[in-house]
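Reading through the structure tokens given below for one structure.
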Amino acid sequence: MANILLISAQKPDDTGSGVFLKELARSFARMGHGVQVVAGVAAEDEYAFPAGIGFRPVRFETPELPFPVVGMSDEMPYTATRYRDLTLDMLARIYAAFDAALDEVLAAARPDAVFSNHLYTLTAHIVARDLGIPVVGMCHGSEIRQIRKNRLERDAIRAGVRGLSAIMALHEAQKADIVAEYGVPESLVTVTGTGYNSGVFCCEPGDELRARGRTLVFAGKITQAKGVPSLLRAACALPDAASTRLVLAGGYSTQDEYDAIVAQAGECPCQVEFPGRLPQAQLAAAYRAADVFVLPSFYEGLPLVVIEALACGCKVVVTDLPGIRPWLAANVPDAPVWYVEPPAMRNVDEPEPDALPAFEARLAAAISAALAAPRTCCDVTGLSWDALACRALELA
């Protein structure tokens, strides 16, 4: 059995990449490996990991790190420092705090391999330390968007990523982006995909027969980048909009943006609900209670929420972003998914305003088609976290 260290600069379990890290840690522990996690958290945050997983938090909003925890996206579901707002002094403080945590874990647990979330500053810094053990980088896509938009330590990041032992990519399109953006050989990058918690996200007996009215669900950050304003406008344009229920589950980044979206929802003839960020069991229940899951994002890696929604029997409407369609076709060929052509983009995650009306019309048409289709439960059981953990260990 191996000793494994997983590292993330940001919070575990609060975003898709956080869930990815925490579930991978659980799978490694179930396999009998020793597991340690080092991650950035707020000063008052408390995180409970299962027995057998050691957790060493790096606390922000403290004298050592007197600013909020960093976030790989500019819009996070919690208060976060944007990378574009970091100074070199702030970055040096982050490195020093993570070095102290890393030194503690190295001395106490003597890990055989490191898995580091995101191909960005902290991962590059860990590689530069030359630990003498394999360091595997886990790409989620948001760091590629970040490095394209932000010049912070760009050359050092690319150099560090080129020194990784291996890189995990979500799909083939992302692999091509990694090779192009970081200048790494294709042989360094392996498409490992994602996983989901089959014990929580699943159909229940009789689900395919249960009447649900006209219920749509979205799960993710309540932001423009996730396409939520466009989803509201598309929902307003649906036939029988007044009899349609729309559940927008998730946190938000800024109060002003969230308030504007809530105000927009108030003008929609649909019944719009904002339950906030839901624990996994409640999110699974929301999926099972819905007809259609909608993810109208303008940028994604391989969204875990799509797999979770499919596992719970939802039909899915998703923006046809690079890599998602071929990965689902290869891994869930019977998935009831409607793809929506994205709008023309001004930059990586910002659409051209003039392109939004046509995008929203396409989105409304796809939602209508999905609502009219019969509900079926497709088989996603082969996409377990344990299977992903086995693929990951082969790279270390």
*Could you grab the pairs with beta carbons closer than 8 Å, sequence gap of 6+ or different chains, first residue in segment 60-88 and free of Cβ contacts under 8 Å to residues at least 40 places away in the same chain and more than 17 Å from residue 147 (Cβ to Cβ), second one small (Gly, Ala, Ser) and assigned to a loop (DSSP other than H, G, I, E, B)?*
60/42; 60/43; 61/42; 61/43; 62/43; 68/42; 68/80; 79/42
*Which condition breaks for residue 282 when tested against (1) of a type outside the set (Gly, Ala, Ser); (2) in a helix (DSSP H, G or I); (3) surrounded by fewer than 22 Cβ atoms within 10 Å (Cβ to Cβ); (4) in contact with a Leu (Cβ under 9 Å, 6 or more places away or on another chain)?*
(4)
*Of all residues in segment 13-59 being polar (S, T, N, Q) and part of a helix (DSSP H, G or I), the one that is farthest from the chain's Cα centre (by Cα)*: 27
*Kindly establish whether residue 75 is buried (at least 18 other Cβ atoms within 10 Å of the Cβ) and either touching an Asp or Glu at 6+ places or on another chain (Cβ under 7 Å) or not small (Gly, Ala, Ser) (or both).*
yes
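Rundown of residues vs (1) over 20 Å from the mean Cα position of the chain (by Cα); (2) at pLDDT 95 or above, yes/no style:
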residue: 184; (1), (2): yes, yes
residue: 195; (1), (2): no, no
residue: 202; (1), (2): no, no
residue: 234; (1), (2): yes, yes
residue: 245; (1), (2): yes, yes
residue: 250; (1), (2): no, yes
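Check 393, 356, 383, 388 and return the single one that is surrounded by 17 or more Cβ atoms within 10 Å (Cβ to Cβ), touching a helix residue (DSSP H, G or I) at 6+ places or on another chain (Cβ under 9 Å) and under 17 Å from residue 287 (Cβ atoms).
Details: 393 fails: under 17 Å from residue 287 (Cβ atoms); 356 fails: under 17 Å from residue 287 (Cβ atoms); 388 fails: under 17 Å from residue 287 (Cβ atoms).
So the residue among 393, 356, 383, 388 that is surrounded by 17 or more Cβ atoms within 10 Å (Cβ to Cβ), touching a helix residue (DSSP H, G or I) at 6+ places or on another chain (Cβ under 9 Å) and under 17 Å from residue 287 (Cβ atoms) is 383.
Take residue 262 and tell me if it is over 22 Å from residue 369 (Cβ atoms) and among the aliphatic types (A, V, I, L, M).
Working: over 22 Å from residue 369 (Cβ atoms): yes; among the aliphatic types (A, V, I, L, M): yes.
Against the criterion (over 22 Å from residue 369 (Cβ atoms) and among the aliphatic types (A, V, I, L, M)), residue 262 qualifies.
The values are calculated or read from the model by the stated rules, or taken from the named source; none is laboratory data. From a predicted model like this one, the values you see are computed outputs, not experimental measurements. Positions of Cβ are backbone-derived with ideal geometry, glycine not excepted, and every protein chain shown enters the neighbour counts.
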